[in-house]
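The values are calculated or read from the model by the stated rules, or taken from the named source; none is laboratory data. Since the model is a prediction, treat every value here as computed from it, not as a measurement. Positions of Cβ are generated from backbone atoms using ideal geometry, with glycine treated the same way; all protein chains shown enter the neighbour counts. These area figures cover heavy atoms from the full protein model, side chains too; ligands, DNA and RNA do not enter into them. Shrake-Rupley method; radii C 1.70, N 1.55, O 1.52, S 1.80 Å.
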Number of protein chains: 2
Amino acid sequence: MGNLALEPLDRPDGMTTHEYAHRRLRQAIMVGSIRPGESLTIRGIAEAMESSPTPVREALRRLSSEGALRVLDNRRIMVPRMTADRFSELVSLRSVLEQHAARRAVPHITERRIDRLAEIDKAQDEAISRKDNATALLLNQEFHRTLYTANPEQVIMPMVESIWLQLGPFLGIAMEHVAQLYFVDRHQEAIEALRKRDEDAVAAAIKADISEGIGGFERAAIENLLRLAGQ
Amino acid sequence: MGNLALEPLDRPDGMTTHEYAHRRLRQAIMVGSIRPGESLTIRGIAEAMESSPTPVREALRRLSSEGALRVLDNRRIMVPRMTADRFSELVSLRSVLEQHAARRAVPHITERRIDRLAEIDKAQDEAISRKDNATALLLNQEFHRTLYTANPEQVIMPMVESIWLQLGPFLGIAMEHVAQLYFVDRHQEAIEALRKRDEDAVAAAIKADISEGIGGFERAAIENLLRLAGQ
DNA sequence: ATTTTCGAAATGTGATCACAAAAATGCTTA
DNA sequence: TAAGCATTTTTGTGATCACATTTCGAAAAT
């Protein structure tokens with residue numbers, strides 16, 4: 001039904017349609033432009049991106065495996081609704097997972113990569129100071145991703161991305177209803193710990209970054225926010 | 001191509017073909033009957049289970065999101081090969097993830113469920129004593145799953161299942177080349193800790209269960225095993 | 001004997017169609 | 001006005017087909 005708010009995305013040559021559909025839907029879910037609870041139709045998406053059901057279905061299956069979508073008993077597909085319990089579960093898992101990812105990255109980190117982290121952090125600070133929440137959020141993700149992908153063996157990253165994707169829609173709602181997002185910056189602390197190759201300190205910085213950042217949402221605040229958004 | 005070793009699986013009424021294909025392939029990968037490195041073809045699978053490419057493709061996309069399959073640049077699909085590094089990464093992540101899952105389950109555990117855990121553990125002991133490795137492995141999974149699913153909020157379990165799935169093919173190889181699998185039983189310890197609702201003790205039991213169990217594979221042993229299997 | 005080349009077969013991909021189930025709509029009835 | 005019912009539309013699903021790319025195998029050339 002509703003005309004999806006699917007911003008056209010850059011599509012490199014040779015990218016298959018189902019991969020493109022996956023990327024585009026993923027992006028839309030991540031920034032919260034598909035509202036939780038809203039149900040998606042295969043034909044609707046196919047029409048919106050001028051393709052056909054087959055590749056769209058593949059994209060939807062992948063996204064449901066990634067936790068971004070939920071398949072109901074009626075086979076209807078929707079973005080899962082957030083609850084205070086689910087939020088708490090997601091945040092605590094994110095903390096544990098990312099601390100571990102950070103620890104496993106430390107032995108592989110290079111000075112060059114640490115420099116890149118510093119640059120990303122600087123760009124994020126600038127985005128924050130000009131109140132560009134969306135960009136700041138993206139740069140925050142890039143900071144974390146750049147750290148964890150120092151580890152050449154990538155089994156954790158897809159799981160971290162899955163958590164981000166599941167938290168995304170709620171953050172989208174939060175950004176709509178909260179005047180100014182509160183950004184924490186434990187990144188500098190993490191960078192200093194990385195220079196010393198101090199695993200414990202890096203993990204501690206990541207833990208603080210998450211618990212003081214997204215983990216800072218009080219239970220009552222979450223329920224209030226969801227009520228405001230009509231969820 | 002190779003005739004897939006796809007054992008027919010029970011198919012409940014109303015189960016869609018793509019879900020059935022997913023289950024069947026998943027099972028085959030989990031027990032290692034599809035060899036790592038062997039490449040799968042969509043048409044081959046479709047023919048083997050007497051269906052058509054469309055639902056098989058959906059199943060394959062899900063499995064690749066779950067880490068069970070890897071899509072190569074040539075778009076060929078295969079079960080990823082194990083390496084000593086990947087194994088270490090998987091096991092350490094499994095430990096962290098399952099300790100956390102166990103902790104989050106404790107507040108929701110009931111005496112009835114603890115009783116069920118005791119029953120599963122007993123059945124596993126029996127399977128071990130009659131050297132039925134395959135059943136023992138399955139019951140071990142069921143023990144862990146029964147514990148973690150006490151938590152009604154299920155965001156961790158799919159990730160744990162993903163880890164198991166990625167470890168599965170290697171365990172299959174191990175079972176072929178090792179005369180007798182060494183099973184640890186820290187389950188009794190976990191059960192006692194659960195009766196006391198002692199989170200730390202439960203987590204410690206799970207950690208020990210994993211590090212002494214699958215984590216007991218020495219690096220050299222893994223490489224040796226892989227060489228034996230022609231990997 | 002090894003490498004190269006060229007045609008045939010196999011394969012991934014995406015669009016289309018038919019079918020059955022589910023949802024929506026409009027009408028009738030209490 | 002509200003509830004029940006039948007019809008129509010929408011939707012998920014799975015099979016089939018056409019097309020482009022890749023892979024494979026045999027023959028030819030070095």
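Quick one: would you say A:ARG24 is touching a residue at least 24 places away in the same chain (Cβ under 8 Å), within 30 Å of A:ILE210 (Cβ to Cβ) and open to solvent by less than 60 Å² (accessible area, probe 1.4 Å)? When the stated conditions are applied, A:ARG24 passes them. Within 13 Å of DNA strand D (Cβ to nearest atom), surrounded by 20 or more Cβ atoms within 10 Å (Cβ to Cβ), over 21 Å from A:GLN231 (Cβ atoms) and of a type in the set (Lys, Arg): is that true of A:ARG43 in this structure? Spelling it out, it is not the case that A:ARG43 is within 13 Å of DNA strand D (Cβ to nearest atom), surrounded by 20 or more Cβ atoms within 10 Å (Cβ to Cβ), over 21 Å from A:GLN231 (Cβ atoms) and of a type in the set (Lys, Arg). Among the residues making up segment A:48-84, those that are open to solvent by 10 Å² or more (accessible area, probe 1.4 Å) and within 9 Å of DNA strand D (Cβ to nearest atom) are A:SER52, A:PRO53, A:THR54, A:ARG57, A:ARG61, A:VAL71, A:ASN74, A:ARG75, A:ARG76, A:ILE77. Being at the interface with chain A (Cβ under 9 Å from one of its Cβ atoms), under 16 Å from the mean Cα position of the chain (by Cα) and at pLDDT 95 or above, is that true of even one residue in segment B:69-76? No, that holds for no residue. Among the numbered conditions (1) within 14 Å of chain B (Cβ to nearest Cβ); (2) outside any loop (DSSP other than H, G, I, E, B); (3) buried (at least 19 other Cβ atoms within 10 Å of the Cβ), the only one that A:ASN151 does not meet is (2). Hey, does segment B:68-84 have a residue that's free of Cβ contacts under 8 Å to residues at least 60 places away in the same chain and in a helix (DSSP H, G or I)? Scanning segment B:68-84, I find no residue that is free of Cβ contacts under 8 Å to residues at least 60 places away in the same chain and in a helix (DSSP H, G or I), so the answer is no. Of the residues B:LEU167, B:LEU225, B:LEU138, which single one is farther than 21 Å from B:ARG104 by Cβ and within 14 Å of chain A (Cβ to nearest Cβ)? Answer to the selection: B:LEU167. The combined condition, being within 19 Å of the chain's Cα centre (by Cα) and either within 14 Å of chain A (Cβ to nearest Cβ) or not in a helix (DSSP H, G or I) (or both), is fulfilled by B:GLU98. Taking the conditions exactly as written (open to solvent by less than 40 Å² (accessible area, probe 1.4 Å), under 29 Å from A:ALA174 (Cα atoms), more than 12 Å from DNA strand D (Cβ to nearest atom) and not in a loop (DSSP other than H, G, I, E, B)), does A:VAL91 satisfy them or not? For A:VAL91, the condition - open to solvent by less than 40 Å² (accessible area, probe 1.4 Å), under 29 Å from A:ALA174 (Cα atoms), more than 12 Å from DNA strand D (Cβ to nearest atom) and not in a loop (DSSP other than H, G, I, E, B) - is met.
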